1. Just need a number here: residues in the range 88-112 that are buried (at least 17 other Cβ atoms within 10 Å of the Cβ), over 18 Å from ASN152 (Cα atoms) and aliphatic (A, V, I, L, M).
2. Look at PHE115 and say whether it is in contact with a Leu (Cβ under 6 Å, 6 or more places away or on another chain), of a type in the set (A, V, I, L, M, F, W, C) and surrounded by fewer than 20 Cβ atoms within 10 Å (Cβ to Cβ).
3. For the condition more than 23 Å from GLY6 (Cβ to Cβ) and surrounded by fewer than 17 Cβ atoms within 10 Å (Cβ to Cβ), what is the one hit in TRP35, TRP55?
4. Quick one: which of LEU50, LEU7, LEU39, LEU12 is in contact (Cβ under 8 Å) with a residue 24 or more places away in the chain and either in contact with a His (Cβ under 6 Å, 6 or more places away or on another chain) or within 30 Å of ASN159 (Cβ to Cβ) (or both)?
5. Within the range 5-16, which residues are of a type outside the set (Ser, Thr, Tyr), surrounded by fewer than 11 Cβ atoms within 10 Å (Cβ to Cβ) and out of contact with any Phe, Trp or Tyr (no Cβ under 9 Å at 6 or more places or on another chain)?
6. State which residue is surrounded by the fewest Cβ atoms within 10 Å (Cβ to Cβ) when the search covers only the range 58-81 and only residues that are small (Gly, Ala, Ser) and not in a helix (DSSP H, G or I).
Amino acid sequence: MINFSGLDTWILLPAAGAAVIVAILGGVATDVGDWYKALRKPFWQPPNWLFGPVWTTIFALAVIAFAMGWRDAPGADARRMLIVVYAVNAVLNIVWSFLFFKFRRPDWALGELVFLWLSILAMILVLWPFSPGAAVLLLPYILWVSTAGFLNWEILRLNGSFRGASR
């Protein structure tokens, strides 16, 4: 089902470069300083050290899925759609980090996370018809963002309103 053969470096490298840019921008926005540490969080929150390795794995899988989709795409229209859904997802991924950490608005971030989750679903649905193996590689991403959504929801529930929050 998952076929890694025939993945061209000329598509893997730019896709990996884009993923690195998304990771860097998201990382720049992510400040787990005093404000974040002071938030009440659910007992089941993953430890902070786990987020880096998980996101690295998710981004690596997304890059491979993109390259597989590019290889398997039936034509230029499918490739264009692949670029569009990945680009939208990249922007939404970065925006969530800024809303939550830089603007200190977990309430806005939760609303935006719905669109982030839908963008991952769109990536899966776009890939599925011509590269189901690539679509499967995105399942950890949608599961992790689902977990992040529940965590975001619990932070809102435990901490009350964030109206008037500022930097």
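Each reported figure results from applying straightforward, stated rules to the coordinates on display, with no laboratory input. Just so it is clear, the model here is predicted, and its values are computed rather than measured. Note: ideal-geometry Cβ built from the backbone for every residue, glycine included; neighbour counts use all protein chains shown.
1. Qualifying residue count for the region: 1.
2. Values: in contact with a Leu (Cβ under 6 Å, 6 or more places away or on another chain): yes; of a type in the set (A, V, I, L, M, F, W, C): yes; surrounded by fewer than 20 Cβ atoms within 10 Å (Cβ to Cβ): yes.
Spelling it out, PHE115 is indeed in contact with a Leu (Cβ under 6 Å, 6 or more places away or on another chain), of a type in the set (A, V, I, L, M, F, W, C) and surrounded by fewer than 20 Cβ atoms within 10 Å (Cβ to Cβ).
3. Checking each option against the conditions leaves just TRP35.
4. On the way: LEU50 fails: in contact (Cβ under 8 Å) with a residue 24 or more places away in the chain; LEU7 fails: either in contact with a His (Cβ under 6 Å, 6 or more places away or on another chain) or within 30 Å of ASN159 (Cβ to Cβ) (or both); LEU12 fails: either in contact with a His (Cβ under 6 Å, 6 or more places away or on another chain) or within 30 Å of ASN159 (Cβ to Cβ) (or both).
Going through LEU50, LEU7, LEU39, LEU12 in turn, the sole match is LEU39.
5. Our first condition is that a residue be of a type outside the set (Ser, Thr, Tyr); within the range 5-16, this holds for 6-8, 10-16.
Next cut, surrounded by fewer than 11 Cβ atoms within 10 Å (Cβ to Cβ) only: 6, 8, 10.
Across the range 5-16, the qualifying residues are GLY6, TRP10.
6. Looking at residues that are small (Gly, Ala, Ser) and not in a helix (DSSP H, G or I), I get GLY75.
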